[in-house]
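Undergrad: For reference, the structure I am asking about is given below.
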Amino acid sequence: MVNISIIIPTFKEARYINQTLNSIKKLNGNIEVILVETISEETAFLENVIKKHKSVQLHKIKERGIAKARNCGAQKAHGNILLFLDADVFVTEDVVKQVSRAFKDASVIGATCNNYPANPKFGELLFFKFYNALIRLVLSLPLIKFKHSRGEFIAVRKPHFEKIRGFNERLVCMEDADLAQRLSMVGKFVFINDLVVYESMRRMRKLGLFRTFMLWLKNWLFYTIKRNVIAKEWKPVR
């Protein structure tokens, strides 16, 4: 029986997905891996890349949108726990153990963890230390209403995911924080302190750390006030 379904949305991610899948291949436990590809000119290339990962399920959608892709993967999943990763996130070998341990508490319905850069520069490392600490603080204080999580790593019980109707497909971005916010209204959303995943710095290094943070901040403020975002499109960085 599948316990954890790992769901990865992709859009022109063929150059990055192999490393992500290689990190997942090292995991032990009752897991399945579901890749949801938004069809593009790179889809055939992606299919060739994942041929050596025979246990990976590949599903294709035509309409772009990370929330749509994640919801599609959730519909195909058989696991009790849905674990959403980005296509350029590399997991450590203890991820199954740490997620399973967190969800032994019946009141926990969602979780995130530490995100750190792969091969970080000093400024990036400081920024991520601060951001992880901020998310951990926000999730630990019950009086703070605006819960938050980044989409690089979100785990959620499937029944509760379905209860709140999954990710909000109207949102171009902030769909991750929105999910954490809505989950926290029906159960406990926690931070797994002892777990780390590593992500590519491709977007931050192209846009710059400050510009990236300001983009996040503008969309977060607009979401907090309007329950929507400023961004009309979340442009791929390749």
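Values quoted throughout were computed directly from the atomic coordinates according to the rules given, and no laboratory measurement underlies them. What you see is a predicted model; the values in this text were computed from it and never measured. Neighbour counts are summed over all protein chains in view; Cβ atoms, including those assigned to glycine, are modelled from backbone coordinates with ideal geometry.
Undergrad: With a ≥ b ≥ c taken as the square roots of the eigenvalues of the C-alpha gyration tensor of the stretch 4-226, please select rounded if a/c is under 1.5 and otherwise prolate if a/b is larger than b/c or oblate if it is not? Intermediate results must be reported in sequence, preceding the final value.
TA: Numbers: a/c = 1.34, a/b = 1.16, b/c = 1.15.
It is rounded, given that a/c, with a ≥ b ≥ c, falls under 1.5.
Undergrad: Would you list, by chain and number, the aspartates and glutamates whose Cα falls below 18 Å from the Cα of residue 62, excluding same-chain residues fewer than 8 positions away?
TA: Qualifying aspartates and glutamates at Cα under 18 Å: 13, 37, 41, 42, 47, 169, 233.
Undergrad: Next question, about the same structure. Explain nothing, just the number: dipole magnitude of the stretch 4-226 about its Cα centre with +1 on each Lys and Arg Cβ and -1 on each Asp and Glu Cβ, in debye rounded to the nearest 20. Don't skip to the answer; put the middle values down first.
TA: Numbers: 36 positive and 21 negative charges, 59 e Å.
Using Cβ point charges on Lys, Arg, Asp and Glu, the stretch 4-226 gives about 280 debye.
Undergrad: Which value in nm describes the separation of the simple spin-label points at residue 212 and residue 106, placed 7 Å from the Cα toward the beta carbon?
TA: 4.1
Undergrad: Please compute the modelled spin-label separation between residue 75 and residue 188, points set 7 Å along Cα→Cβ, answer in nm with one decimal.
TA: 3.3
Undergrad: Taking 0.36 nm per residue of sequence separation and subtracting the Cα-Cα distance, how much length would be gained by fully extending the chain between residue 25 and residue 202, in nm to one decimal? Before the final figure, lay out each step's value.
TA: Working: separation 177, 0.36 × 177 = 63.72 nm, distance 2.32 nm.
Gain in length upon complete extension: 61.4 nm.
Undergrad: Hey, another quick one. Treating cross-link reach as a plain straight distance, find the aspartates and glutamates whose alpha-carbon is under 13 Å from the alpha-carbon of residue 188, omitting any fewer than eight places away in the same chain.
TA: 105
Undergrad: So how many Lys-Lys pairs in the stretch 94-177 land under 24 Å Cα to Cα, not counting same-chain pairs under 8 apart?
TA: 12
Undergrad: Going by a ≥ b ≥ c, the root eigenvalues of the Cα gyration tensor, does the stretch 69-159 fall in the rounded group (a/c under 1.5), the prolate group (a/b larger than b/c) or the oblate group?
TA: The shape class here is oblate.
Undergrad: With both partners inside the chain, how many of the DSSP beta bridges are antiparallel, as a percent to the nearest 5? Please report the intermediate quantities before stating the final value.
TA: Details: 9 of 35 bridges.
Counting only bridges with both partners in the chain, antiparallel ones make up about 25 percent.
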